[in-house]
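I have placed the structure first, in the form of structure tokens, so that the comments after it can refer back to it.
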Amino acid sequence: MATAGRVRDTGLRLQKEIEEVEATLRLEIGKTRLEIHGVEMRSTQAIHRQPLWIIGAVGAVASLIRLLEWFLTHLADPLAQMPLRASTRAEPAPPIDRSQSGGR
């Protein structure tokens, strides 16, 4: 049979375990909130950095276009003056002049 003293001791022990579990849960909840806050901050920073990446990429493309334009304007004359190398392809045969071959 359970005595009143044993029931009270068991109740106190259970109360202590409940308080320990509550304290552990509070700590875990606090850690989780901090983690969620960190993820929110990193996401916000990434979202704010995204336009900078786009602007940088557009600037890089514009710079490359200007560089290509410069090369084409400054190197066009020297390329035009360079002799073309001999072609390795066979030249087409000249057309046959049938006007002097007997009129066939």
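The values are calculated or read from the model by the stated rules, or taken from the named source; none is laboratory data. Only a predicted model underlies this, so the values are computations on that prediction, with no experimental measurement involved. Please note: Cβ atoms are built from the backbone with ideal geometry, for glycine as well, and neighbour counts cover all protein chains shown. Each accessible area value is taken on the protein alone, full model and side chains, heavy atoms only, with ligands, DNA and RNA left out. Shrake-Rupley method; radii C 1.70, N 1.55, O 1.52, S 1.80 Å.
Descriptive notes on the structure:
- Sole residue being part of a helix (DSSP H, G or I) and more than 25 Å from the chain's Cα centre (by Cα), chosen from Ile36, Ile29: Ile29
- Search result, residues across the range 1-26 that are among the small types (Gly, Ala, Ser), more than 52 Å from the chain's Cα centre (by Cα) and either surrounded by 10 or more Cβ atoms within 10 Å (Cβ to Cβ) or not in a helix (DSSP H, G or I) (or both): Ala2, Gly11
Matching residues to (1) open to solvent by less than 100 Å² (accessible area, probe 1.4 Å); (2) modelled with pLDDT of 90 or more:
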| site | (1), (2) |
| --- | --- |
| Thr32 | yes, yes |
| Gln50 | no, no |
| Ala86 | yes, no |
| Gly102 | yes, no |
